[in-house]
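Below is one structure, written out as structure tokens, with a few remarks after it.
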Amino acid sequence: MRIKLHVWRQSSRSDKGHMESYELDNVVEEMSFLEMMDTLNEKLTVEGKEPVAFDHDCREGVCGMCSMVINGEAHGPKSKTTTCQLYMRHFDDGAEIFIEPWRASAFPVVRDLVVDRSAFDRIIQAGGYVSNHSGPKPDPNSIPIEPNIAETALDAATCIGCGACVAACPNGSAMLFTSAKASHLGLLPQGQPERFDRAKSMVSQMESEGFGSCRNYAECEAQCPKGISIAFIGRLNSDFLKASLVEPIDRRGDMKAQ
Amino acid sequence: MNRIQTLYKSIIGKKVIAAVTGLILFGFLLGHVAGNLKVFTGSNDQGIPHIDEYGQFLKVAGEPLLPAGALLWSARLVLLASVILHITVVVQLAMLSAEARPVSYVKSKKKAASLAALWMMFSGSVIAGFIVFHILHFTTGTIQLGEFEHGYVYNNLRSSFSNPFVAGGYIFVMVVIGVHLNHGVWSMFQTLGIDNPDRNKFLRTASTAVTMAIILGFIAVPASFLFGLMPEAANYAHDLLTGH
Amino acid sequence: MLTLDPKIPVSPIEDAWTFHKNNNLRLVGPKNRPKYKVIVVGSGLAGASAAASMGAMGYNVECFCFQDSPRRAHSIAAQGGINASKNYRNDGDSTWRLFYDTQKGGDYRAREKNVYRLAELSTSIIDQAVSQGVPFAREYGGKLANRSFGGVLVERTFYCRGETGQQLLLGAYSALEEQIAAKKVKMHTRHEMLDLVVVDGRSRGIVVRNLETGEITSHAADAVVLATGGYGNVFYLSTNAKGCNVTANFRAYRKGAGFANPCFTQIHPTSIPASGDYQSKLTLMSESLRNDGRIWVPRDADEKRAPKDIPEKDRYYYLEERYPRFGNLVPRDVAARNAKDVCDQGLGVGPTGYGVYLDFAAAIEEKGIDAVKSKYANLFEMYQRITDDDPVETPMRIYPAVHYTMGGLWVDYNLMTNVPGLYAIGESNFADHGANRLGASSLMQCLADGYFIIPVTIGDYLSRHESGDITTDHPAFKETETAVRERVNKLMAVKGTRSAQSFHRELGKIMWEHCGISRNKESLEEGLRKIPALREEFWRDLKLPGDPAELNQSLEHAGRVLDFLDFGELMCRDALLRDESCGCHFREEHQTPEGEAERNDEDYAFVSVFEYKGEGTEPELNKEPLSFDALPLAARNYKT
């Protein structure tokens, strides 16, 4: 296969960056997209040019490290597929392929296609956990969980934190990520005590990171490599509303002089 | 109040405000279209079109408990506040979103987003402009596109909508409103968190169906006048209507 | 000669761990803990759980990982499940039974009391994970579900669909993020450890490179914990993530830590084969496929027909013919060796000739297409996604792949290496799996080490030393930093013609060829000649583009390849010196008539611990003898 690539090149955070074009003629259909990128980099290295920096690690679709907008779509044209599991047979011989990094002010480009996604870690730090210490715990079967609830929680927890939702959203919103994380814990009995505080603090962190607002396009869901449902966004909205309007601000308030 | 302020400051809170004000405006449209349909029910035995009577009723509704016009003006104030809030939060959110993606993609492709969703800002702007125009046209009579006389709703409509450009313009805007509502109504359920995978299909279908019904109702009026399906109304003295 | 004191508690095995905690381990009081700084390198299951646990206890923890977030470590890719002897099924499971299975599975090359402790802690891991919100599969009624795994006789494996590793890692990651938010743990992402700093024989810190800026900095600590995973990528192609490497462990080895059993690598028989030279990694398919698939290759090396059109008489069902009693269900290592054997004879299938058919036609005919599909739907889907072939229409192609490494840094019962203050946990140590690892026990080991063992044992070491008595101003840090910088500059200065990647590929081929599924003396010796030659060429012909003071993935890779080159040699040496077959280490000279591994307990019931003796000098082999008091030695026998 012959392909023509247009790749975003940017040497550092402060560099303005530009698209650069390359041609590859030794691509085969069985190659994964990242193997095609390896081939390009091998070629550039041998030619004495700088290879394209891109994030990748497990190459089996779970680590969430790979992050490329391919022909305008996060992780490329195939739905429910990460870039590393995309194969060249999904492209035509002679195809022109545009490769760009995730675009969001909360995900600054570090170099070429590598972006800084630490904003996601900080959203988790704001409350994406069940407060806990390591040590003896009650037997799990002492708190039965309805299997459907456990499965829905797992649906949400399947999120690999790649950031495709942000990249795909025309508003650069991180609601799908945040809501999946909040819903995973909010659905389970272990996550109940902190459920409403969690909703408030994760949303507030998400806002301060500079992500845009959700306008219910559902583009995130369509481009999510794990197919996370926007139903979780509705869930977070509802939890956030309850937390803001209904839940007591200070649960100890009852003992204050009324 | 503190809670409302906090809510307003958050992205989700702003969206909730857009949804709630949207709901109010949607409710208004329902009432508006219901009233509009009175053009088709003819006149009373004095020859006064039902729609004219209805217009008069709105002015005096609440009497004698409230002074004449009080209820109407309260409703108008709520609607005005809703429109202003709706536009304010939406513009603020749009500015946030623009900041969230300072560099746009060279290539961009959508897998799911509907045109209705992507064009919300456009359809919203058209509607905002239309609201101003519509008030100046049929409420205050400032813009004259035909014969206009306060209180003679039926004749005013008939006069304006017999002009194909006016009727066509109104029909076009109604379609735009339909597109806006098609995304807006469903979006409201999602934003308020009352969507649910089990009922989403119903919610989506229901919101599309209701939207279609409203818009067809609205379009029916200019269309009927345009195609000359509506008889001329009898001339009647204004006093008959107001009872003075 | 290394001083190898395993510090095994002198107590009956059933209460050895409790006895050890009560009698042998000193504690650090809560007020003093913040004064002690602990560095954790790696943020996978072991690293994240250790950093979170120690942070919550109050230690001053700094954690480093080379990925952009601690949540990306390769623990996330584990699919199958995690063992725990909860005995929820009432099918006779117990701590003892899990201990027995693990020790027997490891072919009696692990330390008994370590293994027993692992089995003992298994149940607490499940409790801990559930309390964090790990959504394990549940049955109707809401109780935890179990499945059987890896041919054991009880159902003790807990799972979250096919993503157990992901869910457990997200649990540990969330605990870690909680401590980061509480400022108990400081996280350094995109930092790679490039050397260990040893002062007066004690481990006192690390030198790291900031992968984004290229900056090389030192970090001092009272103790260093390595949770840096396995070294399967020495084979270039493996099921490991691309970033997995041996550098941290190998640097520690060069600074005096003993490397134990480096040749013990687990090879999985059912991975999707490489499709060409560009192949960058291998993806595992569940072994359960062998329950319904028939494995074969064409009899004729020149066969050109599509598999469906090849008549029965021209098909070579080699496992069924060679092992009529077990057929396609022979143990993993036997299946893997035979696949390689037929492919080496030229009978392999697929574009590279390194693959064999796994055919479901017979099962579909017998049980119906729906029955087969319902059993393997997600595996078939995964296979089709990668290869574009539908296993219902045409046979799957499979080939063995390197999956897990049992060897690692030598540690005592406290998980401390022979360098005081340096710990190794998870896959990076050698401790619990002997010569082969039981299915669904890698996650278990990482979490036992991280949540329950290291937080207790590290206190014993710390309590015996002053806190914070060293800073990076100490000359040892400057020296190490300079050495690291020189090494980077030396790599940049080669200016040859070949990429680091091409050397890695070539090393991988050598390792696979000479130290792979089966090994023999001659081939290993040949490998030991080829690797130094390749290393020489590496230093002569490496080409590194870009700037070392920027994000430079080629430079990162070159450093790792260089350590793999040195390490590959160590592996071959270990495989050569261990003149027996055991577990995954198959020396062709030592096999039963059925082709099974033949152990030599008389001469090789020890842990091989290698000691670095300097560049160009052969490492010295130290031996930690193993004793088998609780579980007497028995020959591996999967036939009855």
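Taking only the alpha-carbon atoms of the protein assembly as shown, what semi-axes of the equivalent ellipsoid follow from 5 times the gyration tensor eigenvalues under a square root, in whole Å, largest first?
Semi-axes (√(5λ), whole Å): 63, 33, 29.
Is the shape of chain B best called rounded, prolate or oblate, per the rule: a/c under 1.5 gives rounded, else a/b larger than b/c gives prolate, else oblate, with a ≥ b ≥ c the square roots of the Cα gyration tensor eigenvalues?
Values: a/c = 2.19, a/b = 1.71, b/c = 1.28.
It is prolate, given that a/c is not under 1.5 and a/b is the larger ratio.
Using Cα pairs under 8 angstrom and six or more residues apart, how large is the relative contact order of chain C, in percent?
It rounds to 20 percent for chain C.
Could you work out Rg/(2.2 N^0.38 Å) for the range C:158-314, with Rg from alpha carbons only?
Scaled against compact globular proteins, the figure is 1.49.
Along the principal axes of its C-alpha atoms, what lengths does the range A:47-99 span, in descending order and rounded to whole Å?
35, 26, 18
Reachable aspartates and glutamates from C:K184, Cα under 13 Å, same-chain residues fewer than 8 places away excluded?
C:E62
Assuming 1.567 mPa s and 4 °C, estimate D for the range C:475-601 with Stokes-Einstein, Rh taken as the Kirkwood radius over Cα pairs, in µm²/s.
Values: Rh = 16.4 Å.
My calculation gives 79 µm²/s for D.
If one computes P(r) from the Cα atoms of the range A:117-252, what percent of pairs lie at distances over 20 Å?
Values: 4177 of 9180 pairs.
More than 20 Å apart: 46 percent of the Cα pairs in the range A:117-252.
Which chymotrypsin sites (Phe, Trp or Tyr not before Pro) in the range C:134-206 pass both tests, a DSSP loop state and at most 11 other beta-carbon atoms within 10 Å?
For chymotrypsin sites (Phe, Trp or Tyr not before Pro) across the range C:134-206 that sit outside H, G, I, E and B with at most 11 neighbouring Cβ atoms in 10 Å, the list reads C:Y140.
In chain C, what is the volume of the convex hull around the alpha carbon atoms, normalised per residue and reported in Å³?
155
What lysines does C:K86 reach when the alpha-carbon gap must be under 30 Å and sequence neighbours fewer than 8 apart in one chain are set aside?
A:K137, A:K181, C:K7, C:K21, C:K104, C:K113, C:K143, C:K375, C:K639
What does the convex hull of the alpha-carbon atoms of the range C:308-396 project to on average, in nm²?
Directional mean of the projected Cα hull area for the range C:308-396 stands at 6.5 nm².
Per-residue counts of other Cβ atoms within 10 Å, averaged by peptide: what ranking do you get for A:26-35, A:181-190, highest first?
Numbers: A:26-35: 19.6, A:181-190: 24.6.
The densest-packed peptide leads the list: A:181-190, A:26-35.
For the range C:363-409, run through the GluC sites (Glu not before Pro) and keep only the ones in DSSP coil with at most 15 other Cβ atoms within 10 Å of their Cβ.
C:E393
Starting from the Cα of C:K490, draw a straight line to each of the lysines and keep only those under 28 Å, dropping any in the same chain fewer than 8 residues away.
A:K43, A:K49, C:K242, C:K255, C:K478, C:K509, C:K530, C:K543, C:K613
Check each of the trypsin sites (Lys or Arg not before Pro) in the range C:462-567 and keep only those in coil by DSSP with at most 16 other C-beta atoms within 10 angstrom; list them in order.
Sites meeting the loop and neighbour criteria: C:R464, C:K495.
Per residue of A:235-241, count partner chain C-beta atoms within 10 Å of its C-beta, then hand back the mean as an integer.
Working: counts 3, 2, 11, 8, 2, 8, 7.
The per-residue average across the peptide is 6.
With runs of 4+ DSSP H residues as the only contributors, calculate the mean residue ellipticity of chain C at 222 nm using -39,500 (n - 2.57) per run, divided by the residue total and rounded to the nearest 500.
Only helices count here, giving -11000 deg cm²/dmol.
Would you mind giving the three semi-axes, in whole Å and largest first, of the ellipsoid equivalent to the range C:385-455 according to its Cα gyration tensor?
Gyration-tensor ellipsoid for the range C:385-455: 37, 12, 10 Å.
Show me the ranking of peptides C:370-376, C:626-632, A:231-237 by mean Cβ neighbours inside 10 Å, starting with the highest.
A:231-237, C:370-376, C:626-632
Calculated from DSSP H runs of 4 or more alone, at -39500 (n - 2.57) each and per residue, what is the 222 nm mean residue ellipticity of chain B, nearest 500?
Mean residue ellipticity, 222 nm, calculated: -22500 deg cm²/dmol.
Enter the mean number of other protein chain beta carbons within 10 Å of the beta carbon of each residue in A:136-149, as an integer. Let's see the in-between values first.
Details: counts 5, 9, 3, 7, 16, 10, 3, 3, 6, 8, 4, 8, 3, 3.
Per residue, the number of nearby Cβ atoms from other chains is 6 on average.
What ranking of C:V488, C:V208, B:V60 emerges when the number of other C-beta atoms within 10 Å of each C-beta is taken as an exposure proxy, fewest first?
B:V60, C:V488, C:V208
Let me confirm one metric for peptide C:170-181, namely the mean number of other chain beta-carbon atoms within 10 Å of its residues' beta-carbons.
Going residue by residue through C:170-181 and averaging, the value is 6.
Computed from the coordinates by the stated procedures, all read-outs in this text should not be read as laboratory data. None of these values were measured; they are calculated from a predicted model. Using ideal geometry, Cβ is built from the backbone for each residue, glycine included, and neighbour counts are taken over all protein chains shown.
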